[in-house]
Amino acid sequence: MGYVPPPAPQHGLEEGPVLLKDGRTALLRRASKKDLPLFIAFLRRLSPESLRMRFFSPISPEKAAELLLSAKPEEEKVTLIVLTGEPQRIVATGEYVRVKGQDTAEVAFLVDDAYQGKGLGTLLLERLALIAAKRGVRRFQAFTLAENRPMLNVFMESGFQVKAHREGGEVEVEFEIVLTKKAAERFEWREKVSTIASLHPFFFPKGVAVVGASRDPESIGYRVVENLIFGRFQGPVFPVNEAIGKEGGTVGPLLAYPSLERVPGPVDLAVIAVPKERVGEALEASGRRGVRGVIVLTTGFTPEEAKALADKARRLSMRLLGPGSLGLTHTASRLAAGLVPLPRGGPLAISSQSGTLGRAVIAYAEGMGLGVSSFVSLGAKADISSNDLLQFWEEDEATQVILLYLESFGNPRRFSRLARRIGKRKPILAVHPSRDPLVRTLFAQAGVVRANSLEEAFDVAALLSLGRLPENGQVRLISNASGPSNLALEALKEGGLEVEHVDLGSEARAEAFQKALREALESEAGSVFLLFVPMGFAKEEEVLALVREAESPKPLLASFLGVEGPRARLLPGAVLYRFPESAAIALSRAWAYRRWREEPLLFPDFPDLKLEEARRLLEGKRRLSPEEARALLLAFGLPLGEDEGLRLRLTATPHPLFGPVLTLLLPTPLGETPLGLRLSPLTEGDAQELLRPLEGHVDPGPYREIVLRVSRLLEEFPQVERLELELSGPRVARFEVALGDR
């Protein structure tokens, strides 16, 4: 069994926003002595039965609060709380207390009666297990009353291998918290369920309120109402405007209301289009009305102001899209909630931080015949991000291809984990304006199809939307012109494809194309590429009809030089490109994605690692002596000493967003030549790609094990911020280890 990297929450492990099973928002953080009044108020709200289940006997709220916040000086105790509301109140707490001198800790939870069944016990167990494992705890034990079935179910359904022993009316449970694949999958599944539930009001609202609706046809509020009506949204739409509503007026054909509180029907999505100074007031009104999701179209917020809006929305149990969003569309529910009209339905989901760019790409997609399942304008990304949308689109049946226009990353490590999982089911394309090598590396490791431009992204998206990936790396190229076919040949070969070229000659007629196309579709080639140049012998409409009517189980691409129209256009079973290079690059990207998708995501484990020895060595240290650094490397099985062979340098340096970056360098008399870089954690495939430049010169196998062990070290002990290893052959000749504050 391989190593299982710990799940990476979207926000902090010990502090940050969290989602309940029903999609409502809350805040997780460590408890402190200052929280005593909050604990007393929390415990006073609980029923006597809930208190008995936790403390096994009657106890006053004041005494219970002191117990929950107390800790002996020699104890290692971590207490987490979940808060919600405005003002905030505790709705759940969980703790572990380590048994002195042992690698076992006792764990316990307490959840508000009104919040039981919303996944809080499971969430707290997961977080406490991840925190404790980092500190050397190997197992949890818990004692609960036999009648406390909900808490027993939390343990039994955690994904850990739980052993339960009943004695009288009590049950003792015990389980290893060393992360297994099953436990990690349960963590990811719980977060996905919560995330999808939180987004459901955005994509399938029962009713939509437009706060700031106006009678002026040129105003933003009016256009939002107009798009909802013209999109034929199958639900009530409520314009809200204090000035119009109290006079009993209308916006378009719809009756307007003076406030959200006065709206008579269901409202779980509010689109806010009011001046900046009134957005906070609109959020509070939405919270009082029980709205679950808000889209803020208003612009002009600083990053700090946008974050404050998101924090306010979370305290009111709402999720926020924006500010500065253009809104979203979803063809399955015929929803156009914002400034973008409902596009034609299709397999492509689009996310864009840039609003104006988003409208342009939808128009471009429609021009090439590529329909859109949903479009989301993220704006400032104060709350909802592309990481949230990826989880929704993973389960959205209408979405077959995902296209992201990314200007920045909030949590790239989380993005990488999600993309690796989702990319095994659905292709993810990304356009990023930066040429940062770290971004390119992130996409490569996560299986994201990177495009250098939006045009290229749509070239690839059109091909992937056919739902057919190349069956192998062989391409049958049919052409009637040597010049354009040479351009296609070179582009295909650069993309790692083997090309069998069938040159029909410049005088080929439609019958020759028909025969060659039939043979190509029946051949062992994984894809077929037909390149046509009008020469006056075969008619364009005849050859185009052949492509349209072809029934192909494999990707079929065509390029007709001189044809007017978009750069790529969808046909019933093929894609028609204006330029042969565009088609060749798109096919190369699809083939690279197919290869990545079939490669197993294996994070190798090493049974000889001495993790406890390394943990004791690093505990409480700010720096390591050369002897301690040597002992740390030996604990991870790194071979030390001189050896014959290629001399290399391997460095690991921290990045505030991307995490540890491993760089392989070749020392030369003129300086160091970078051979490659990868982001931790590394799979077997990642290590192989990092060392690919060594192939043909030395056996990369021993070096591969070194970089994988280094990656594991960085994952287990993030306080190791920098490593520099000088490799003499497949051994570590010299080393330097630096610690950080984490």
Item to check | Which listed residue, of Gly290, Gly249, is surrounded by fewer than 16 Cβ atoms within 10 Å (Cβ to Cβ) and on the phi > 0 side of the Ramachandran plot | outcome: Gly290
Checklist outcome for this item: Of the listed residues (Glu721, Glu726), the one being assigned to a strand (DSSP E or B), under 23 Å from Tyr3 (Cβ atoms) and either among the acidic types (Asp, Glu) or in the same structural domain as Arg414 (by TED's automatic domain parsing) (or both) is Glu721
Checklist entry - What tally of residues in the range 95-115 results from selecting those that are within 17 Å of Arg45 (Cα to Cα) and either at pLDDT below 95 or surrounded by 21 or more Cβ atoms within 10 Å (Cβ to Cβ) (or both)? => result 4
Item to check | Hey, Pro667 modelled with pLDDT under 95, part of a helix (DSSP H, G or I) and farther than 20 Å from Leu601 by Cβ or not | outcome: no
Checklist entry - Within the range 508-515, is even one residue surrounded by fewer than 19 Cβ atoms within 10 Å (Cβ to Cβ), in contact with a strand residue (DSSP E or B) (Cβ under 6 Å, 6 or more places away or on another chain) and not assigned by TED's automatic domain parsing to the domain that holds Gly369? => result no
Checklist entry - Of the residues Val78, Val82, which is in contact with a Leu (Cβ under 7 Å, 6 or more places away or on another chain), within 30 Å of Arg288 (Cα to Cα) and surrounded by 14 or more Cβ atoms within 10 Å (Cβ to Cβ)? => result Val82
Checklist entry - What is the number of the single condition among (1) buried (at least 23 other Cβ atoms within 10 Å of the Cβ); (2) assigned to a loop (DSSP other than H, G, I, E, B); (3) of a type outside the set (Phe, Trp, Tyr) that Gly346 does not meet? => result (1)
Next on the checklist: If the requirement is being surrounded by fewer than 22 Cβ atoms within 10 Å (Cβ to Cβ), among the acidic types (Asp, Glu) and modelled with pLDDT of 95 or more, which of these qualifies: Glu672, Glu695, Glu724?
Outcome noted: Glu724
Checklist entry - Is it true that Asp113 is touching a strand residue (DSSP E or B) at 6+ places or on another chain (Cβ under 8 Å) and either without any contact (Cβ under 8 Å) to a residue 24 or more places away in the chain or charged (D, E, K, R) (or both)? => result no
Checklist outcome for this item: The one condition Ala308 fails out of (1) in contact with a Lys or Arg (Cβ under 8 Å, 6 or more places away or on another chain); (2) without any contact (Cβ under 8 Å) to a residue 60 or more places away in the chain is (1)
Item to check | Looking only at the range 397-416, and only at residues there that are out of contact with any helix residue (DSSP H, G or I) (no Cβ under 8 Å at 6 or more places or on another chain) and either among the charged types (D, E, K, R) or in the same structural domain as Leu682 (by TED's automatic domain parsing) (or both), the one that is surrounded by the most Cβ atoms within 10 Å (Cβ to Cβ) | outcome: Arg413
Checklist outcome for this item: When (1) crowded, with 22+ Cβ neighbours inside 10 Å; (2) more than 28 Å from Arg24 (Cβ to Cβ); (3) touching a residue at least 60 places away in the same chain (Cβ under 8 Å) are applied to Val267, the one that fails is (2)
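The values are calculated or read from the model by the stated rules, or taken from the named source; none is laboratory data. Note that the structure is a prediction, hence the values are computed from the model and not measured. So basically every Cβ, Gly included, is an ideal-geometry build from the backbone, and we count neighbours across all protein chains shown.
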